[in-house]
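Novice: The structure that follows is given in the form of structure tokens.
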Amino acid sequence: MNDVATVLVAIGSSTLAATVVASLLQAKRERRAQRWEMKRAVCKRALDLVDAVYANRTWSGTNGQPLKISPQDPPSISELRGCLNDLAVVCEDPQVVSGFRKCLGVGNHDGPGRADDIVDLRRAIRAELGFGKPVDVDRDAAYLAVIDGTAESTPPPDGAAGHSSS
């Protein structure tokens, strides 16, 4: 083989190797993006389900008076179980799964919990998705119970992070 042919073979081999490596790296990036999107979707679903569960509980403020809550359709046990299973499969941080359970009042927790337990779930989800430090840490206004001006709304008494009695 002459020198030109050797150089051309080397260039061709290098180009082929670079193409293969680039293709493998792209496939890895795509898998990582798909996994992240799966996590995002199930974590969002978990928060939505907790909101629906909370809307169907009877909450009382720190003054003992019931809080007014705008209605929302309750989730089915099948939806809750499916979400718990999905969280357990796709999330790496066990705090996401335990936070979801705590918000639902199941597992190794004392009773149905507090409305502000959702703050801990949000924090765990932000960490799971790599979003950094928490931005909504107001435990006294952790759950959006009503919107002023709606037929069901009355301003909640102090202690919106109330306790559930159901």
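The values are calculated or read from the model by the stated rules, or taken from the named source; none is laboratory data. Being a predicted model, the structure only gives us computed values, none of them experimental. Cβ sites come from the backbone with ideal geometry, for glycine too, and all protein chains shown count toward neighbours.
Novice: Of all the residues that make up segment 44-94, how many are under 21 Å from R126 (Cβ atoms) and touching a Ser or Thr at 6+ places or on another chain (Cβ under 9 Å)?
Specialist: Residues meeting the conditions: 1.
Novice: For segment 45-60: of the residues being farther than 18 Å from V90 by Cβ and out of contact with any Pro (no Cβ under 9 Å at 6 or more places or on another chain), which is surrounded by the fewest Cβ atoms within 10 Å (Cβ to Cβ)?
Specialist: The selected residue is D51.
Novice: Restricting to segment 68-97, name every residue that is in a helix (DSSP H, G or I) and modelled with pLDDT under 95.
Specialist: none
Novice: Right, another one. Quick one: is A41 among the small types (G, A, S) and under 21 Å from E92 (Cα atoms)?
Specialist: yes
Novice: A further question follows. Scanning segment 72-127 for residues that are among the acidic types (D, E) and either in contact with a Phe, Trp or Tyr (Cβ under 7 Å, 6 or more places away or on another chain) or buried (at least 16 other Cβ atoms within 10 Å of the Cβ) (or both), which turns out nearest to R45 (Cα to Cα)?
Specialist: Only one residue fits best here, namely D86.
Novice: Test of understanding: among V9, V42, V20, which residue is surrounded by 10 or more Cβ atoms within 10 Å (Cβ to Cβ), of a type in the set (V, I, T) and within 22 Å of the chain's Cα centre (by Cα)?
Specialist: V42
Novice: Residues in segment 98-129 that are among the aromatic types (F, W, Y) and not in a helix (DSSP H, G or I): how many?
Specialist: 0
Novice: Exactly one of (1) surrounded by 14 or more Cβ atoms within 10 Å (Cβ to Cβ); (2) in contact with an Asp or Glu (Cβ under 8 Å, 6 or more places away or on another chain); (3) within 30 Å of R31 (Cα to Cα) is unmet by I69. Its number?
Specialist: Looking at each condition in turn, I69 falls short on (3).
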